[in-house]
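Below is one structure, written out as structure tokens, with a few remarks after it.
The values are calculated or read from the model by the stated rules, or taken from the named source; none is laboratory data. Note that this is a predicted model, so its numbers are computed, not measured. When we count neighbours, we look across all protein chains shown, and the Cβ atoms used for this are built from the backbone with ideal geometry, even at glycine. With ligands, DNA and RNA removed, areas are computed over all heavy atoms of the protein, side chains included. Shrake-Rupley method; radii C 1.70, N 1.55, O 1.52, S 1.80 Å.
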Amino acid sequence: MAIASPSTTIFSASFCCKRAESPHPTLFPSILSTQRAHRLPTRRFAINSRLNSSKFCGFLSPDNGGSEDLEQYELQHGFTGPMERRKKGSPVYVMLPADSVAKDGKVRRIKVLTASLRALVTAGVEGVVMEVWWGVVEREKPMVYNWGGYSDLVALARRCGLKVRAVLAFHQHGIGPGDPLWISLPQWVLEEMDKDPDIAYSDRFGRRNMEYISLGCDMFPVLKGRSPLQAYSDFMMNFRDTFRPLLGSVITGVQVGMGPAGELRYPSCPSQELAWAWRSRELGEFQCYDKYMLACLNACAHDVGMREWGYGGPIVAGNLMHGPDNTDFFKSNGGSWNTPYGEFFLQWYSGMLLLHGERICREAKTIFQGTEVDTSAKLAGIHWHYGTQSHPSELTAGYYNTSRRDGYLPIARMFGRYGFGLCCSVFGMRDVEEKQTNPVSSPEDFLKQLLLAARVCQIPVEGENSATFLEEESYEQVLKMSKFFSYGPGNPSFSFNFMRMDRYLFEQHNWARFTRFVRQMSGANIFRARLDFGGDGHPTSMSDAVKAKSCIYILLRKKDQTHIQTSKANLTLRPPSLGLCSYSST
């Protein structure tokens, strides 16, 4: 174990792997040293994670603190210096219904979808966001891909003159097989999980989360001879080869999924509950109890000479419903999160997540290099304990962000190294509303910190709302936060993904507010000229929008009449806060 300056009260860790060595080690910002009594002498340490080995050898890495680009950033996360108005507007994309392509690989509700896309064009929307589900494309057998439905969707968007952002979704969607919008991981992956349950994440109670494969086995051949990272890479390469003629022209962006709900995080709370977590103030559970994660933790603890730290996560973290100050680990004064043990564990836990993101970024950069598509990844908008000292819900999700430490800057730097943009949600949420039910919640301050980290690292940002909204106040909040990021010298690009297209969007009052919002974001004429892709369509005019809306209403009215005839017991209520398309057929 390499040790430098034993008296230094700063930890700095970096991780790398054998399979794909990076010339730039993953770096973590310094933990601000504080005066603490009765502590073990802490040391700066580094951890080098090796594939197929429980032995870890350390190497020194420079400290992230003290760089000139942080001087303004660290001044209470505020802007300084002159401001200038942005010269170009911010394009708006609309996310398609999650089940636009059925499990059999065919496009659903093609007539409604066509009319909807034509209406979006008249509103001035730049393009659509298309989720490409691993559990649909590679459903039955490994390396047997069915892109048919997604090819049809891209062709439809092209005919309408819309660009496409593809989200490569390596996670499940929905709450279970009874959910009409249920999309599981590929069947052959689930079979491997049945054989080896440790492929899934596990908390201290032994509860398994099947939303996403545990990052602890990223590099191990647990999927019929392939590692999860190899499976993701093969999927991305096949996507690139299938859609190569359209990459950079029609498909202009690729967002690579990195965890539950596509976000780079641990499933500390089930995704279906995450939208309401701020209401119950859930702390979350550390997800480090599968055998792969435990083996790594044990080896790292051995390397720093503290074997007793390697047998699991904090055992005094409380449960999901406890307040932070009711737990020994998360409480503000004297909590063990702010001790040498807490620092060791949280650096390891967040470091493993950052390493997972870096591995995928490295693969994606190699695969999509030269295709002229913009790559991005998504972070979770976890804000419901932002006003506390320890930020427990962020810690359990893998973001080592506290009142003493910035946990988002290392992620932004990692994205910047590989040319990735950052997608983040909670746009549209306001403190004045959230604090009424949770005084320590602050979506605005959380988002400002994240946006400032992106500005420091000069990476593009894709904004997104965390729940479908149609109120004027929410649109105004999005405009406010987009200006916060976009105003100023040398600002990187900003765009917005509206979450998501459903039947209510096209109702008269909602549609008027939405089109006004798009116009305000773009700062240009809302009726765009059709993209020129070989003349395989007709220019979209205002009359097309009227026809499109009429078609939508007629089709939806027929569908409603059919639903009225069904019994109320068969109706499925889907809360809009989950972002599910309300006009999906059940």
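Residue ranking by accessible heavy-atom surface, 1.4 Å probe, largest first, among 386, 475 comes out as 386, 475.
Classify the range 92-522 as rounded, prolate or oblate from the Cα gyration tensor: take a ≥ b ≥ c as the square roots of its eigenvalues, call it rounded if a/c is under 1.5, otherwise prolate when a/b beats b/c and oblate if not. Oblate is the answer for the range 92-522, as a/c is 1.5 or above yet b/c matches or exceeds a/b.
If you plug the beta carbon distance of residue 458 and residue 207 into 1/(1 + (r/R0)^6) with R0 = 41 Å, you get a FRET efficiency near 0.50.
Taking label points 7 Å from Cα along the Cα-to-Cβ direction, residue 507 and residue 333 give a separation of 5.0 nm. Modelled spin-label separation between residue 224 and residue 473, with each label point placed 7 Å from Cα along the Cα-to-Cβ direction: 5.1 nm. Taking θ as phi - 60° and the Karplus parameters 6.51, -1.76 and 1.60, the scalar couplings of the range 398-415 work out to x, 9, 7, 10, 9, 5, 9, 8, 8, x, 9, 4, x, 5, 4, 5, 4, 4 Hz in sequence order, x denoting glycine and proline. Here's how it looks for residue 163: its modeled amide H is under 5 Å from those of 127, 128, which are all 5 or more places away or on a different chain. Here each label is just a point 7 Å from Cα along the line to Cβ, and for residue 175 and residue 371 those points are 3.5 nm apart.
The relative contact order of the range 92-522 comes to 15 percent, based on Cα pairs under 8 Å that sit 6 or more residues apart. Among beta bridges identified by DSSP and lying wholly in the range 92-522, the antiparallel ones come to about 15 percent.
What does the accessible area per residue of the range 453-515 come to in Å², with a 1.4 Å probe and no ligands, DNA or RNA counted? Solvent-accessible surface per residue comes out at 34 Å². Cross-link pairs exceeding 32 Å between alpha carbons, from the set 103/483; 365/483; 224/331; 103/163: 103/483; 224/331. Given a 1.4 Å probe and the protein chains as shown, residue 141 ends up with an accessible area of around 130 Å². Each part gets one Cα centre, and for the range 106-167 versus the range 331-394 those centres are 30 Å apart. Around the amide H of residue 378, modelled in the peptide plane, lie the amide H atoms of 258, 264, 423, all under 5 Å away and 5 or more residues distant in sequence or on another chain. Solvent-accessible surface of protein heavy atoms, probed at 1.4 angstrom with all chains present, puts 311, 145, 201 in the order 311, 145, 201, largest first.
Stretching the chain fully between residue 244 and residue 435 yields a gain of 64.0 nm (0.36 nm per residue, less the alpha carbon separation). The simple Förster model, with R0 at 41 Å and r as the Cβ-Cβ distance, assigns residue 144 and residue 111 a FRET efficiency of 0.85.
A 1.4 Å probe over all protein chains sorts 302, 383 by accessible area into 302, 383, starting with the largest. Evaluate E = 1/(1 + (r/R0)^6) for residue 403 and residue 155, where r is the Cβ-Cβ distance and R0 equals 35 Å; express this FRET efficiency to the nearest 0.05. With a Förster radius of 35 Å, E is 0.10.
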